[in-house]
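Below is one structure; the comments refer to it alone.
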Amino acid sequence: MLYKENWKKVCGHFTAWWNKENNEPIIQVAAPKKGHEGLQAWWGWGFAKDPLNPEKTVAQFEDYCSKIWFGGDAYPDLWINLGAGIVATFLGAEPRFRDDSETVWFETPKLWQELEKLTTKPKGKWWKITRNLTSYVTERSRGKFMAGITDLGGVTDILASLRGSQNLVIDMFKNAEKVKALSSKILKMWHECYDELYRISEGSTRGNSAWMGLWCRENWYPIQCDFAAMLSPKLFMELAFPYVKEQCVRLNRTIYHLDGPGEIPHLDALLSIPELDGIQWTPGAGNPQVTSPIWFKLYEKIQKSGKRLVLLDALADQVPSLLKTLNYKGFLIKTYCNTEEQGQSLLKTLGFDSSG
């Protein structure tokens, strides 16, 4: 791979990690190369801002890759970032990009009479755009970087975009059967979309990547239900959990995106899913960072369950103390250093290969 040395070695590390065959963690460290200090980590919104002209975004990404050292098991991953939950637009939602927060909002409340007429076939302008972008990036990425599948979103989160979050909470009490019926439709469409994008991105031959920055030889995806933070354990188990569990069954590998303290009450239920491979923890805005000791008991619980633990955006200077506390097996941590020299020093301090 042009922008990542020892790519086959990295693939071997990930395969062993997924299969629980290694005792060492996956350590992903990126940093600006000499002469490019100050360059920030990539979180590009080019595809969302200008989806019909992907050439510019791909060129910007390649320029970024040429200036970045990908250390340890870090690798260049250009995923099709159109906002979390793009599947809602295949069902009639309208995306709204906000420059002030660099976020895409999809919530487009519709009446049940309209939603009950929806089919399970993805369609519309945004489905075409998503397919075309995936095809273009896949072609441009060959031999240079990975092409990651777009952020499809969670089944219940997509439903919240279509119905409106406040409406959906009321519906869960008054129209539970309608919620279940539409959730089943969305689940079916979700997997049709995934299968098609997996095919276009050549996942069966190149492996599979997504926004979380994990590579897998088999088909895998980060699954989620951010709406769960608004639900009691009872409502979650009845109206959201079944679709999360079904995704774990249908996909070969899954990591659940646990987003903030509001989802912690549902952790036991998630850990009970045999097919779920792991948990990725995001503390959420205003809460202590992932390396804070406040979360250590949470991490220990996840690891004791036998699931993998994924921590993204860790503060580099706090990584050594974190690794002294946690079990190495099944652990993945991603961080960004100010310089390549700092990145290499961090990996050496941890006792891992510092090659890029």
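The values are calculated or read from the model by the stated rules, or taken from the named source; none is laboratory data. Being a predicted model, the structure only gives us computed values, none of them experimental. As a convention, Cβ positions derive from the backbone with ideal geometry for all residues, glycine included, and neighbour counts pool all protein chains shown. The protein model used for the area step is the full one, side chains on, heavy atoms only, and it has no ligands, DNA or RNA in it. Shrake-Rupley method; radii C 1.70, N 1.55, O 1.52, S 1.80 Å.
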Test: residue in the range 300-309 that is polar (S, T, N, Q) and at pLDDT 95 or above: yes
Qualifying residue in the range 185-202 (condition: touching a residue at least 60 places away in the same chain (Cβ under 8 Å), out of contact with any strand residue (DSSP E or B) (no Cβ under 9 Å at 6 or more places or on another chain), assigned to a loop (DSSP other than H, G, I, E, B) and open to solvent by less than 70 Å² (accessible area, probe 1.4 Å)): no
Index of the failed condition, K123 passing every other in (1) open to solvent by 60 Å² or more (accessible area, probe 1.4 Å); (2) under 20 Å from the mean Cα position of the chain (by Cα): (2)
Checklist (1) open to solvent by 10 Å² or more (accessible area, probe 1.4 Å); (2) farther than 27 Å from E238 by Cα; (3) in a helix (DSSP H, G or I); (4) touching a strand residue (DSSP E or B) at 6+ places or on another chain (Cβ under 9 Å) applied to E300, failing item: (4)
Neighbours by Cβ (under 7 Å, 6+ apart or cross-chain): first from the range 99-128, free of Cβ contacts under 8 Å to residues at least 60 places away in the same chain; second assigned to a loop (DSSP other than H, G, I, E, B) and open to solvent by 50 Å² or more (accessible area, probe 1.4 Å): T108/E94
Selection within the range 276-313 - of a type in the set (G, A, S) and closer than 16 Å to P261 by Cα: G284, A285, G286, S292
Residue in the range 169-181 that is surrounded by 18 or more Cβ atoms within 10 Å (Cβ to Cβ) and either among the charged types (D, E, K, R) or within 23 Å of L312 (Cα to Cα) (or both) present: yes
Count - residues of the range 278-287 that are modelled with pLDDT of 95 or more, over 15 Å from L332 (Cα atoms) and open to solvent by less than 50 Å² (accessible area, probe 1.4 Å): 1
Verdict on Y328 being modelled with pLDDT of 95 or more and either farther than 30 Å from G164 by Cα or surrounded by 21 or more Cβ atoms within 10 Å (Cβ to Cβ) (or both): no
Single match in G12, G85, G72 (criterion: closer than 30 Å to G164 by Cβ and not charged (D, E, K, R)): G85
Flag if T57 is under 30 Å from Q344 (Cβ atoms), of a type outside the set (A, V, I, L, M, F, W, C) and in a helix (DSSP H, G or I): yes
Residue ID - least open to solvent (accessible area, probe 1.4 Å), chosen from residues in the range 331-356 that are within 21 Å of K20 (Cβ to Cβ) and in a loop (DSSP other than H, G, I, E, B): F352
Residues of the range 281-297 satisfying the condition of being β-branched (V, I, T) and either closer than 19 Å to L270 by Cβ or assigned to a strand (DSSP E or B) (or both): T282, V290
Residue list for the range 14-47, restricted to those being open to solvent by 70 Å² or more (accessible area, probe 1.4 Å), in contact (Cβ under 8 Å) with a residue 40 or more places away in the chain and over 19 Å from D63 (Cα atoms): K20, N23, E24
Any hit, the range 59-79, residues being aliphatic (A, V, I, L, M), more than 23 Å from A314 (Cα to Cα) and surrounded by fewer than 23 Cβ atoms within 10 Å (Cβ to Cβ): yes
Qualifying positions in the range 251-307 - within 18 Å of K324 (Cβ to Cβ) and of a type in the set (A, V, I, L, M): V290, I294, L298, I302
Filter result for L251 (in contact with a Ser or Thr (Cβ under 6 Å, 6 or more places away or on another chain), crowded, with 18+ Cβ neighbours inside 10 Å, modelled with pLDDT of 95 or more and not acidic (D, E)): no
The range 203-220 - residue that is open to solvent by 50 Å² or more (accessible area, probe 1.4 Å) and in a loop (DSSP other than H, G, I, E, B) and, of those, nearest to K245 (Cα to Cα): E218
